[in-house]
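Each value in this text was obtained by applying a stated rule to the coordinates, not by laboratory testing. Note that the coordinates shown come from a computational prediction; the quantities given were computed from them, not determined experimentally. Here the Cβ positions follow ideal geometry from the backbone for every residue, glycine too, while neighbour counts run over all protein chains shown.
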Amino acid sequence: MLRFGILSTARIGHEQVVPAIQDAENCVVTAFASRDLAKARALADRFGAPHAFGSYEEMLASDVIDAVYIPLPSSQHVEWSIKAAEAGKHVLSEKPIAIKASEIEDLIKVRDRTGKLICEAFMVTYAPVWLKVRELLSQKAIGELKHVQGSFSYFNRDPSNMRNIPELGGGALPDIGVYPTITTRFVTGQEPQRIQARVERDPGFGTDIYSSVKADFGSFEMTFYIATQMAARQLMVFHGTEGYIEVKSPFNAGRWGAEEIELTNQNHAVSQIFRFPDSRQYKRQAEAFAKAVRGEAVEVVTLENSLKNQRFIDAIYRAGGHDGWEAV
């Protein structure tokens, strides 16, 4: 069993990832760390973890864990990923693992030097929904892919929320813009060549709150928008010469609706629906990570993959500052 330590008591950890790790077949949560020992102990007791630490450093120095999951504010992911790897622990970091591509290049050097696995927690890449989309595209179920359309939005104007604080790595692109980009790259196996974008910032927060993006992948085009001050919505559509695939609730299935794909043919005469009632993508992510730590040949999100995705995001920011195309 791979023994995880949870580095902080952030909500995404104890609501989504920790239960999934506990549900996994090959890993377990054995420790929580917080700068407030009482908070760490409360979560340890809640989840039956035997250890609680009043500092991150103390947990990293211990021998009761093999790996850490890091759900800290985005601006701290690189710092603590490096500290964890150098302390001999494998790292599963919440997304975005970094705020700019150059930071991921630094992480790759640390990974290679320490020999520890460092992965960004893109749970969608382990979801049966997205594996099915990739399979359908590879089988030419919609003919030649010509266009990808996406949207992801929610409404949050809480000034105390880290997503609205630039110093903590806030902004719509780091928080949710990474999802249309990673999933499109994942299912097509292709990379964007150039970008056009409009990026809008909140005048008070200073964070980006809306982006409308056009990406040229060579053989197909992608357009999507993301927003943190619009009504909640998410959708992904892959449109080809012979049909299209619509992914319902593509990123936060369960909260947003059924985990479902609809494949429709060219003249809209036939539709096939694929449902995935028990995908448990966070559990699958934890199990794949643990297998990769053991050296098994499983697919995980490599830092090289994360680097390409962050270059996509960096190019959107650059493109948002001018008219015309921006190379990725």
Comparing Phe251, Phe217, Phe155, which has the greatest mean-square fluctuation in the GNM of the chain with Cα pairs linked when under 10 Å apart? Phe155
Alpha carbon centre of the range 268-328 versus the range 203-221: separation in Å? 17 Å
What is the P(r) of the range 122-192, as percent of Cα-Cα pairs per 5 Å bin from 0? 3, 13, 21, 20, 15, 11, 9, 5, 3, 0
Can you give the relative contact order of the chain as a percent, counting alpha carbon pairs under 8 Å and 6+ residues apart? 18 percent
Overall Cα dimensions of the range 209-328, principal axis frame, Å, largest first: 45, 45, 33
How large is the helix-only mean residue ellipticity at 222 nm for the chain, computed as the sum of -39500 (n - 2.57) over DSSP H runs with n ≥ 4, divided by its residue count, in deg cm²/dmol to the nearest 500? -9000 deg cm²/dmol
How far is helix 77-86 tilted off the main Cα axis of the chain, in degrees rounded to 10, range 0 to 90? 50 degrees
Nearest-ten-degree value, helix 303-319 long axis tilted from longest Cα axis of the chain: 60 degrees
Once both axes come from the Cα atoms, what is the angle between helix 128-138 and the longest principal axis of the chain, in degrees from 0 to 90, rounded to 10? 40 degrees
Using only the alpha carbons of the chain, what is the convex hull's orientation-averaged projected area in square nanometres? 16.5 nm²
GNM of the chain, Cα pairs under 10 angstrom: of Ser151, Ser160, Ser55, the biggest fluctuation goes to Ser160
List the GluC sites (Glu not before Pro) within the range 256-324 that fall in a DSSP loop (any state other than H, G, I, E or B) and whose Cβ has at most 15 other Cβ atoms within 10 Å. Glu296, Glu299
Kindly work out what percent of the DSSP beta bridges joining two residues of the chain are antiparallel, to the nearest 5. 60 percent
